[in-house]
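In what follows, a single structure is set out as structure tokens and then discussed.
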Amino acid sequence: MMNKKAALLAAFGHTIPVFTGYMVLGAAYGLLMDSKGLSLLWIFIASVFVYAGSMQFVAVTLLSLDFDPLGAFLMTLMVNARHLFYAISMLGKYRGLGKMKPYLIFSLTDETFSILCSTDAPEGIDRKWFLFFVSFLDHIYWITGSILGGILGGMIDFDTKGIDFVLTALFVVILINQWKATKNHLPALIGIGSAISCRLLFGADDFIIPAMLLILLSVTLIRTPLERRNKQ
Amino acid sequence: MNYSSLQLIIFFGLVVFGTVITRTLPFLLIPDRKEIPKFLKYLANVLPFTMIGMLVIYCLKNISFTDTNHALPEIISIAAIILLHLWKSNTLLSIGVGTLLYMFLVQYVFV
């Protein structure tokens, strides 16, 4: 019991930026769904079971078009393709977690991945419960935010413009932490460079998959020289 | 929104299914009992760095250097986060100050 409580507290500390971001973006999502005439039940179902922020927003757009189930399915695969790379990164880390593993895999969003790929459980904290609580708390924040957005609707008057920048800030800080933790900055530069060049070439809506392919190609090409250098 | 309840169920069911595929596929192909291939181990080592880099750009995908603000709120806020974080190394402080600065800039300075 003490183990769990300590893990929960440690996890909470790491998820505070996500709390802010998810409450706000979740609320924006709830508001948008509400404005399209979807009930709280559907907002709840989407946030619990889809639990993929950018795809949920895309899905709202699709809902105002004609019913096209295959199109929706393919769109989901494309928008969420980057999860494949998160999953590959966590193959080793998520081993031997037993019953908890399916939930950790299911709930691996951009933000949860960004925390868990760059952070280990602190000294003396149960690793398994730490991984679980970071994932679970983020999920709860997202659900809570979207339900609140659906309930409050247009009642929110506080000017929150720009607050979603908290997630950009989170990723920037993680990038700096990673940068300081390693001598080899090539992978980070490949990620940034591929994304920028594909954004310029393919536009804001269609650049993630080309960027992923470019990343895959680049890291494959540098593998041999990189591993040779590491051996020396 | 003119979907029937059944259409909504099918629609969200497929969106859930698609999302679950993208998150589980690598784990299904390489379950715990299977050795992780060397190439995937290599990818697991380098991808976290590349993907965080990509996520930063993903967040900034809609900025434009040619519009009225010239992406200055983003540039200034990110520069402040980098400097503050290199100086104090306090994650929450850097994120908090960076976000408040950005909100201030888009609400009062670059309106």
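The values are calculated or read from the model by the stated rules, or taken from the named source; none is laboratory data. Keep in mind it's a predicted model, so treat the numbers as computed, not measured. Please note: Cβ atoms are built from the backbone with ideal geometry, for glycine as well, and neighbour counts cover all protein chains shown.
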*Considering (1) within 30 Å of B:VAL111 (Cβ to Cβ); (2) touching a residue at least 60 places away in the same chain (Cβ under 8 Å); (3) buried (at least 18 other Cβ atoms within 10 Å of the Cβ), say which one A:LEU152 fails and leave the rest.*
(3)
*Considering only segment A:49-75, state which residues are touching a residue at least 24 places away in the same chain (Cβ under 8 Å), assigned to a helix (DSSP H, G or I) and either within 19 Å of B:PRO26 (Cα to Cα) or touching a Phe, Trp or Tyr at 6+ places or on another chain (Cβ under 9 Å) (or both).*
A:GLY53, A:SER54, A:GLN56, A:PHE57, A:VAL60, A:LEU63
_Given the condition within 13 Å of chain B (Cβ to nearest Cβ) and either of a type in the set (Gly, Ala, Ser) or under 18 Å from the mean Cα position of the chain (by Cα) (or both), answer yes or no: does some residue in segment A:214-232 qualify?_
yes
*Does A:LEU97 qualify as being more than 30 Å from B:ASN2 (Cα to Cα), of a type outside the set (Ser, Thr, Tyr) and either in contact (Cβ under 8 Å) with a residue 40 or more places away in the chain or surrounded by fewer than 21 Cβ atoms within 10 Å (Cβ to Cβ) (or both)?*
yes
_Given the options A:ALA72, A:ALA52, name the one that is buried (at least 21 other Cβ atoms within 10 Å of the Cβ), closer than 23 Å to A:GLY149 by Cα and facing chain B (nearest Cβ under 8 Å)._
A:ALA52
*Quick one: would you say B:MET103 is facing chain A (nearest Cβ under 7 Å), touching a Ser or Thr at 6+ places or on another chain (Cβ under 7 Å) and at pLDDT below 95?*
no
*How many residues does segment A:100-138 contain that are surrounded by fewer than 18 Cβ atoms within 10 Å (Cβ to Cβ) and of a type in the set (Phe, Trp, Tyr)?*
2
*Taking interchain pairs and intrachain pairs at least six residues apart, which have beta carbon atoms under 9 angstrom, with the first residue in segment A:177-199 and within 21 Å of B:SER89 (Cβ to Cβ) and aromatic (Phe, Trp, Tyr) and the second assigned to a helix (DSSP H, G or I) and modelled with pLDDT of 95 or more?*
A:TRP179/A:ALA188
*asked:* So in segment A:20-46, with the set limited to residues that are within 11 Å of chain B (Cβ to nearest Cβ) and under 17 Å from the mean Cα position of the chain (by Cα), which one is modelled with the highest pLDDT?
replied: A:ALA46
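Please pick out the residue among B:VAL46, B:VAL111, B:VAL106 that is within 20 Å of the chain's Cα centre (by Cα) and either surrounded by 13 or more Cβ atoms within 10 Å (Cβ to Cβ) or aliphatic (A, V, I, L, M) (or both).
B:VAL46
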*Counted residues, segment B:51-91 - those being facing another protein chain (nearest Cβ under 8 Å), under 17 Å from A:LYS180 (Cα atoms) and basic (Lys, Arg)*: 0
